[in-house]
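Take a look at the structure set out below.
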Amino acid sequence: MNDKSIISLQDISYSYEKKVVLDHINFTIDKGSFIGLIGPNGGGKTTLIKLILGILKPASGSISLFNQPIEQFKDWRKIGFVSQKSNSFNKGFPATVFEVVSTGLTSKIGYFKFFTQKHKASIKKAIELVGMDEYVYENIGNLSGGQQQRVFIARSLVSQPELLILDEPTVGVDTENVKRFYELLHDLNRNQGITLLLVTHDTGTVTKFATDVACLNKTLHFHGKPGDYEKLSSEELSRAYGHSVNLVSHDH
Amino acid sequence: MIADLIQFDFLRNTFLTGILIGIIAPLLGTFIVVRRLSLIADGLSHVTLAGIAFGLFLEKKFTFILLPPLYSGLAFSVLGSIFIEKLRSVYKSYQEIAIPIILSGGVGLSVIFIALADGFNTELMNFLFGSASAVSQGDFITILAISILVVLIIYLFYKELFTLSFDEEYASVSGIHSKQIHLLFIILTALVIAASIQIVGVLLVSALMTLPVAASMRIAKGFKQMMFLSIAFGELAVMIGLTSGYYLNIPPGGTIVVVAILILLITIGMKKLRIRKA
């Protein structure tokens, strides 16, 4: 763990019954970085995120969040999360963009307290930040998949997190919107100073935007700069993925 | 009718109770519908019936016990709601199985207590289909207390309940005590069902919780608007239903539900017209 790291996983293992999913992982996230977490299905990416979020507890090893052991960590608003399932919400749910984004402040405000003008202003600011200000009072079900995903990012941003974790957020989003989505993430990282951990299968694109790439398949096969990842041989990639792989770069 | 309302306490109690349940049933119904728990209201209403039958049985067989059926119904309903939550946590992948279990359990117990109390009587019929003359002064005060409690809790926990309803996983991850709040909500539901039964009846109470919401869902923009529209529709259905039930001398439960269905059909028609115009 270095001075810059805000998340640190040390010697982490996790199994679902007898199946080992993560095997002695050491992984750190540095402040200000944009990490693309890649790897095959079932390689343990979502499990790793659930461990960081405290949803699962590791079988062995230790996790520290913002220099605190996870067991003592209370300031969860520092971590924003956009799940794989966000987009599979009930499309008929009659909630406006404003109402959905406001749920990002619920736990920050706390019980028996109400939204103030200041909270309402920060909700509108988060919506503006993701470029959805035209749709503040539109029902979320009427928006496209890409727009909905932006709303969920705004929901995570409204509590002003220092780290934003996104678990395959572009599943079901059309190509044009995926490109705009990556540009938004790039902006959040560069101009808003938010640290990003993005789980994705889109290796070609993430290597263009991320500052770091980590490849996970039960163990951490690679963690370094995108340029170095692209230099990996087909044999090394195939070893990480467990089957034959060639890296293809594209702009979408 | 206004003269009758002034003259007869029972009629005044019924109408005031109607106003209250016209607010609280659709208010909770909004959360029930969006969380896809509509059938829970049916399950709980049948458990409430078992409680009422139990109360009537005690009243008949042990005359020294003074337990109004509303209270035994309330107790059964709350216990039933806690039992539903237990079942839902046991059958995590088949949570809906809790509803037929609780519904059939409720009907089974009702049959037993009704038989032990020597069969059907008018009072029981009132609870099945609702009545325009069933509400005593004591019952009205209990229902008023329940209504104040429900509105207060929804007001205090609105943002948590909304977050939980929209995305349960996100609510849990962000540190909201989902389980406890859900339990509180389901207990409130049980109270509202037991309170509404005297007017709407066991068999139709879930309709008052869901039909106004189904109608407002078609035209509302946003959740809050849907909630207030549902209350307006619920209130309209209860008032028209009670008045027409009084004049036609029929149980108000039926007329309330028919009016609620008419409102639903009108909103569906309005939406279609709006789409065609666009």
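The values are calculated or read from the model by the stated rules, or taken from the named source; none is laboratory data. In this text, all values refer to a predicted model and were calculated from it rather than measured experimentally. Virtual Cβ from ideal backbone geometry, glycine too; neighbours counted across all protein chains shown. All accessible areas refer to the heavy atoms of the entire protein, side chains included, with ligands and DNA or RNA removed. Shrake-Rupley method; radii C 1.70, N 1.55, O 1.52, S 1.80 Å.
Accessible area per residue of the protein assembly as shown at 1.4 Å probe, in Å²?
Details: 23740 Å² over 530 residues.
Roughly 45 Å² per residue, with all protein chains present.
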Checklist outcome for this item: So A:Glu134 and A:Glu230, fully extended at 0.36 nm per residue minus their Cα-Cα distance, gain in nm 30.6 nm
Checklist outcome for this item: Long-range amide H partners of A:Val21, meaning residues 5 or more apart or on another chain whose placed amide H is closer than 5 Å, are A:Tyr14, A:Ser15, A:Tyr16
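For B:Lys92, A:Lys50, write out the residues from largest to smallest accessible area, computed with a 1.4 angstrom probe and no ligands counted. Let's see the in-between values first.
Working: B:Lys92 150, A:Lys50 65 Å².
My answer, sorted largest first, is B:Lys92, A:Lys50.
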Checklist outcome for this item: A correct Karplus calculation of ³J(HN,Hα) over segment A:92-109, with 6.51 cos²θ - 1.76 cosθ + 1.60, θ = phi - 60°, whole Hz and x for Gly and Pro, returns x, 5, x, 10, 7, 4, 4, 5, 5, 5, 4, 5, x, 9, 3, 6, 5, 5
Checklist outcome for this item: Taking a crude spin-label model, label points 7 Å out from Cα along the C-beta direction, the B:Val151 to A:Lys120 distance in nm is 2.2 nm
Checklist entry - To the nearest 10 square angstrom, how much accessible area does A:Asp174 have with a 1.4 angstrom probe? => result 80 Å²
Item to check | Inter-site label distance for B:Ile250 and B:Asn121 at 7 Å from Cα along Cβ, in nm | outcome: 2.8 nm
Next on the checklist: Could you work out the pair-distance distribution P(r) of segment B:83-128 from its alpha-carbon pairs, with 10 angstrom bin width and percents rounded to whole numbers?
Outcome noted: 25, 37, 23, 15, 1
Checklist outcome for this item: Computed for A with B: buried accessible area summed over both chains, 1.4 Å probe, rounded to 100 Å², at 2600 Å²
Checklist entry - Quick one: if you stick a label point 7 Å off each Cα along the C-beta vector at A:Gln68 and A:Asn191, how many nm between them? => result 3.2 nm
Checklist outcome for this item: Partner aspartates and glutamates whose C-alpha sits under 13 Å from that of B:Lys86, ignoring same-chain residues fewer than 8 away, are B:Glu96
Checklist outcome for this item: Of the listed links A:Lys57/A:Lys231; A:Lys57/A:Lys113; A:Lys19/A:Lys179; A:Lys50/A:Lys78; A:Lys78/A:Lys113, those spanning more than 26 angstrom between alpha carbons are A:Lys57/A:Lys231; A:Lys57/A:Lys113; A:Lys19/A:Lys179
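Beyond 22 Å, how much of the Cα-Cα pair distribution for chain B remains, as a whole percent? Write down the numbers at each step before the final one.
Values: 21782 of 38503 pairs.
Tail fraction, whole percent: 57.
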Next on the checklist: Using all alpha carbons of the protein assembly as shown, what is the percent of pairwise distances in each 10 Å bin, ordered from the shortest bin to the longest?
Outcome noted: 4, 17, 23, 20, 15, 11, 7, 3, 0, 0
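Determine the order of B:Leu156, B:Leu66 by accessible area, beginning with the largest, at a probe radius of 1.4 Å. List each step's numbers first, then the result.
Values: B:Leu156 45, B:Leu66 160 Å².
Per-residue accessible area, sorted high to low, gives B:Leu66, B:Leu156.
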Checklist entry - How compact and how long is segment B:72-202, expressed as Rg and Dmax of its alpha-carbon atoms in Å? => result 17.1, 54
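Given +1 on the Cβ of Lys and Arg, -1 on the Cβ of Asp and Glu, and no further charges, what dipole in debye does segment B:159-278 carry about its Cα centre, rounded to the nearest 20?
Working: 10 positive and 5 negative charges, 139 e Å.
The dipole of segment B:159-278 has a size of about 660 debye.
In units of 2.2 N^0.38 Å, what is the alpha-carbon radius of gyration of chain A? Write out the running numbers ahead of the final one.
Details: Rg = 18.3 Å, N = 252, 2.2 N^0.38 = 18.0 Å.
So the Cα radius of gyration is 1.02 times the expected 2.2 N^0.38 Å.
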Next on the checklist: Using Cα-Cα distances under 8 Å and only pairs 6 or more residues apart, what relative contact order does segment B:13-203 have, in percent?
Outcome noted: 37 percent
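Please state the charge dipole magnitude for the protein assembly as shown, taken about the Cα centre, from unit charges on C-beta atoms (+1 on K and R, -1 on D and E), reported in debye and rounded to the nearest 20. Working shown, then result.
On the way: 46 positive and 40 negative charges, 101 e Å.
Charge dipole, the protein assembly as shown, about its Cα centre: 480 debye, nearest 20.
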Item to check | Using θ = phi - 60° and Karplus 6.51 cos²θ - 1.76 cosθ + 1.60, couplings along segment A:32-47 (whole Hz; Gly, Pro as x) | outcome: x, 7, 10, 9, x, 9, 10, x, x, 4, x, x, x, 5, 5, 4
Item to check | Sequence-distant aspartates and glutamates (8 or more away, or on other chains) whose Cα lies within less than 17 Å of A:Lys74 | outcome: A:Glu162
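Tally the DSSP beta bridges in the protein assembly as shown and give the antiparallel ones as a percent, rounded to 5. Present the calculation step by step, with values, prior to reporting the outcome.
Working: 21 of 38 bridges.
Here the antiparallel bridges make up roughly 55 percent for the protein assembly as shown.
Using a simple charge model, +1 on the beta-carbon of Lys and Arg, -1 on the beta-carbon of Asp and Glu, nothing else, what dipole does chain A show about its Cα centre, in debye to the nearest 20? Spell out each step's value before the answer.
On the way: 28 positive and 26 negative charges, 164 e Å.
I would put it at about 780 debye.
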Checklist entry - Between B:Val200, B:Val151, B:Met125, whose Cα lies farthest towards the positive end of the dipole of segment B:13-203 when Lys and Arg beta carbons carry +1 and Asp and Glu beta carbons carry -1, centred on the Cα centre? => result B:Val151
Checklist entry - Share of chain A's accessible area from carbon and sulfur, percent, 1.4 Å? => result 48 percent
Checklist entry - Which one of A:Ser15, B:Ser136, A:Thr106 has its Cα pushed farthest toward the positive end of the charge dipole of the protein assembly as shown, where Lys and Arg give +1 and Asp and Glu give -1 at the Cβ? => result A:Thr106
Checklist outcome for this item: 1/(1 + (r/R0)^6) with r = Cβ-Cβ of B:Ile101 and A:Asn41, R0 = 51 Å, i.e. FRET efficiency to nearest 0.05, evaluates to 0.90
Next on the checklist: I'd like the FRET efficiency for A:Glu162 and B:Ile268, computed as 1/(1 + (r/R0)^6) with the beta carbon distance as r and R0 of 35 Å, rounded to 0.05.
Outcome noted: 0.15
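Per-residue ellipticity at 222 nm for the protein assembly as shown, helices alone: DSSP H runs ≥ 4 residues times -39500 (n - 2.57), over residue total, nearest 500 deg cm²/dmol? Each step should come with its number before you reach the end.
Details: 22 runs with 310 residues, N = 530.
That calculation yields -19000 deg cm²/dmol at 222 nm.
How would you classify segment A:53-99 from its alpha-carbon gyration tensor, with a ≥ b ≥ c the square roots of the eigenvalues: rounded for a/c under 1.5, else prolate if a/b is greater than b/c, otherwise oblate? Walk me through the numbers before you get to the answer.
Values: a/c = 4.31, a/b = 2.18, b/c = 1.98.
Prolate shape, in that a/c is at least 1.5 and a/b is the bigger ratio.
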Item to check | Most fluctuating residue given options B:Ser230, B:Ser131, B:Ser165, as computed from a GNM of chain B linking Cα atoms under 10 Å | outcome: B:Ser165
